[in-house]
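A.B. asks: The structure follows.
The values are calculated or read from the model by the stated rules, or taken from the named source; none is laboratory data. On a predicted model such as this, the values are computed, not experimentally measured, just so you know. Ideal geometry is used to build each Cβ from the backbone, glycine not excepted, and the neighbour counts take in all protein chains shown.
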């Protein structure tokens, strides 16, 4: 997990979407927030306050980015589209666009229902979506049901039922089942739902307000009160829904932010009126160019390499030789392309949002560069404090995990240039040591690792790399064990140190007194992260082995079950869970088993 302390303090206090990335720059999680700074910072507080799934996600975060929006609903819509695009493994996601959920209204029915479907059929029905997941659709349906009194039942509507359901009594249904409303009256409710889903809230509220006044003039105050409450609810929702309203246009929106010889270019993609995603690029060597010149150069290069060109491109500045660029784009697209600098309205609002993201992104780039500089600072401090012959660009950290000597494992965590390099992580199952002896276990792990390096006996790249520092999780005793291995193998010129967790003391060979680093130093922070990674990596394997050992020991403790019969059971049923769920007759049918033995197995498990 990266150290983002400086960048986190500079996050905007605005709604938006954030994307978490792993060490390979893959998007692993996408979320939305009403306040980006608060939400993103919450992931990097005490781990105990996070759910286990989120803890696992946070431990894999190597970088993050964000997109500022103007409302929470915009963030919600954008989050859904980005999840579809990136398929991040820590999000609830759908793998195939064909299975995305939609809201369907079959207007050909006499009394249409409003429901979820995953099949798009050209049957004249109205479809709204797609949505990121079924949960999102259900939330939307829940909102619609509060606002509009359409039926939620699936029964055949005859209008002759004796009694309505509860929805009718709480004004959540107009009661077509009992004939309280005819087909035309029910159709008006469905049209209100459709207009609302299309974003035409003004038409809905105008219609309801007219009916409310008519009911009031007719002295039907009860109906007027119901319509009044519905009107207030819709208007409250409308205030929160400042969504992008560009009808069904396909538009790219481009803006940039400049700093010295670099420019951060943001491109937002609007498809059929929906903001579906964005990309960002760095233009270099721009210190002597105007904003218009930079935009012109970017547009030319960007659309040379992309297949799709929208009918409109919104930009923040007038660009040089605009007519030539428009002609080129139009010719490439084979239809008219407009390049516009919006001055007012919805397009200007959207462009302003893109401009802000470009500026914020540039700020993050600056802060990121400072953080990368802090890694250099940490390694420089470490070189000086430990008197290392070279900058510790590759640090290998070793840890042992066991409980009372059982299922012992060792781990090697690797940091390169101050960051986890998980490709080279390795685990070791302790083979030759019984009982509780951490020193001998550490010696076994180090011997197995550095024998490969010394003999050059491995084709695996991780084994032949020479570390700039070997760090042992432990005190002077652990350091002594490691030093003995190095002496026996003749390993030279590889610096060695250990870190004792209790007081964060550092020990190095030939120095009897511990080295105490400033608790605020970048060097100590780097060592702590390395140590914690090695511990985390070791303990996950240890827990897995302990769990497996505990399960197998249950079989071994059953009279009549030895290694061969245990293998038979696992080979036949595949796992302990399947053995536990198997029928007694199925177990007894195995060669060498009988009903009595099968009964003992079932009883014990």
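Here's the yes/no breakdown for (1) modelled with pLDDT of 85 or more; (2) surrounded by fewer than 17 Cβ atoms within 10 Å (Cβ to Cβ); (3) in a loop (DSSP other than H, G, I, E, B):
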| residue | (1), (2), (3) |
| --- | --- |
| 397 | yes, no, no |
| 400 | yes, no, no |
| 407 | no, no, no |
| 412 | yes, no, no |
| 428 | yes, no, no |
| 433 | no, no, yes |
| 436 | no, yes, yes |
| 443 | yes, no, no |
| 449 | yes, no, no |
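A.B. asks: Just to be sure before I move on: is residue 45 part of a helix (DSSP H, G or I) and surrounded by fewer than 19 Cβ atoms within 10 Å (Cβ to Cβ) in the structure I sent?
C.D. replies: no
A.B. asks: May I ask you to say which residue of 468, 493 is at pLDDT 90 or above and farther than 16 Å from residue 425 by Cβ? Spell out how you get there, then give the answer.
C.D. replies: Working: 493 fails: at pLDDT 90 or above.
Among 468, 493, only 468 is at pLDDT 90 or above and farther than 16 Å from residue 425 by Cβ.
A.B. asks: I'd like to verify a number: residues in region 65-113 that are more than 26 Å from residue 125 (Cα to Cα), at pLDDT 85 or above and crowded, with 21+ Cβ neighbours inside 10 Å, how many?
C.D. replies: Count: 3.
A.B. asks: May I pose another question? Which of (1) touching a residue at least 40 places away in the same chain (Cβ under 8 Å); (2) farther than 18 Å from residue 538 by Cβ does residue 424 not meet, given it meets every other one?
C.D. replies: (2)
A.B. asks: Suppose we filter region 499-524 for residues that are in contact with a helix residue (DSSP H, G or I) (Cβ under 7 Å, 6 or more places away or on another chain), in contact (Cβ under 8 Å) with a residue 40 or more places away in the chain and within 19 Å of residue 480 (Cα to Cα); how many remain?
C.D. replies: 1
A.B. asks: Look at residue 520 and say whether it is within 30 Å of residue 52 (Cβ to Cβ) and modelled with pLDDT under 80.
C.D. replies: Working: within 30 Å of residue 52 (Cβ to Cβ): no; modelled with pLDDT under 80: yes.
Here the answer is no, as residue 520 does not meet what is asked.
A.B. asks: So, residue 343, is that one assigned to a loop (DSSP other than H, G, I, E, B) and at pLDDT below 85 or not?
C.D. replies: No; evaluated as a whole, the condition is false for this residue.
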